[in-house]
Amino acid sequence: AGEVRQYLSSKFPLRSADGHVWGVGGIATDITDTLKAREREERQAELLHAAFELSPTPAVRLVAGAGGGLVVAAANAAMCRLLAEEPARMDECDLLEHIHAEDTAVALDVIEYALAHELPGAPATRQRELRLRTSEGHTVWALMSAAAVRGVSEVEVVAQFEDITARRAAEQALTDQVMRDAVTGLPNRRALRERMESALQRLHRHPGNVTVLFCDLDHFK
């Protein structure tokens, strides 16, 4: 009692055999539940959009473009900050323009994997490291992952990027400490051994020659 219901009503004339209109007919369809379901879907879409925009993780929504490109349908604020790019310039741009040329295949592999492993409610992801290029010409190392989500009429891909530039720099510094001489910065004896072992292993696959040049500097310790 007291519940308000909504109806979709249509009217039509009632005619006699000679065409005279003698009344009006009508059909009313209860659309209350349909409208409530649509309202829930719209509210959910708004919440998802807000979560995407406010997420601290850089992310983009992608659609397949002509010629194998990845067109950015939307980029959140964190992604714009990561690339030092204006939001307006990110819309409908090709994401591959912001990926290092040597890492294009890596990005496409992540996207293709997501599309091939689309699962309802729990899309599979693959994480790969690659380099991004900012609008200022800087290089940023990022861990890329992507998920494919099927909508009503199409599949949408959401890609996320975790900035790992600091971690990569720390790893490189640690490698330099192990593989380089602290005074000269040149590769040390350990690095020499590893390069020689690698060169000798290549000889098993591709016969050839390996030459080692020994240079002795007097009074240099």
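Data overview
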quantity	calculated
Most mobile of D109, D33, D176 in a GNM of the chain (Cα contacts under 10 Å)	D33
Simple Cβ-charge dipole of the chain, Lys/Arg +1 and Asp/Glu -1, about Cα centre, in debye nearest 20	560 debye
Residue-by-residue Karplus 3J(HN,Hα) for region 205-217, coefficients 6.51, -1.76, 1.60, Hz, glycine and proline x	8, 10, x, x, 10, 10, 10, 10, 9, 9, 10, 9, 9
Other-chain or far-sequence residues with amide H under 5 Å of I31's (modelled H)	Q6, Y7, L8
Solvent-accessible area per residue, Å², over the chain with all protein chains present [probe radius 1.4 Å]	72 Å²
Exposure rank, largest accessible area first [H117, H206, H219, H98; 1.4 Å]	H219, H206, H117, H98
Surface accessible to a 1.4 Å probe, S198 within the full protein complex, Å²	50 Å²
Loop-exposed chymotrypsin sites (Phe, Trp or Tyr not before Pro) per DSSP, neighbour cap 14 Cβ within 10 angstrom, longest uninterrupted part of the chain	1-213
Choice from R15, R167, R43 with maximal GNM fluctuation in the chain (Cα, 10 Å cutoff)	R15
Helix 32-54 vs. the chain, principal-axis angle (Cα, 0 to 90°, nearest 10)	20 degrees
Tilt relative to the chain, helix 104-116 - C-alpha long axis, 0 to 90 degrees, to 10	40 degrees
Accessible carbon and sulfur surface of the chain relative to its total accessible area, %, 1.4 Å	54 percent
All-pairs Cα distance distribution in the chain, expressed in whole percent, bin size 10 Å	6, 20, 19, 15, 15, 10, 6, 3, 2, 2, 1, 0, 0
Loop GluC sites (Glu not before Pro), region 1-104, which have at most 16 other Cβ atoms in a 10 Å radius of their Cβ (DSSP)	E3, E92
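The values are calculated or read from the model by the stated rules, or taken from the named source; none is laboratory data. Predicted model only: the values in this text are computed from it and were never measured. For neighbour counting, all protein chains shown are included, and Cβ atoms are generated from backbone atoms with ideal geometry for every residue, glycine included. Accessible surface areas use protein heavy atoms only, side chains included; no ligands, DNA or RNA. Shrake-Rupley method; radii C 1.70, N 1.55, O 1.52, S 1.80 Å.
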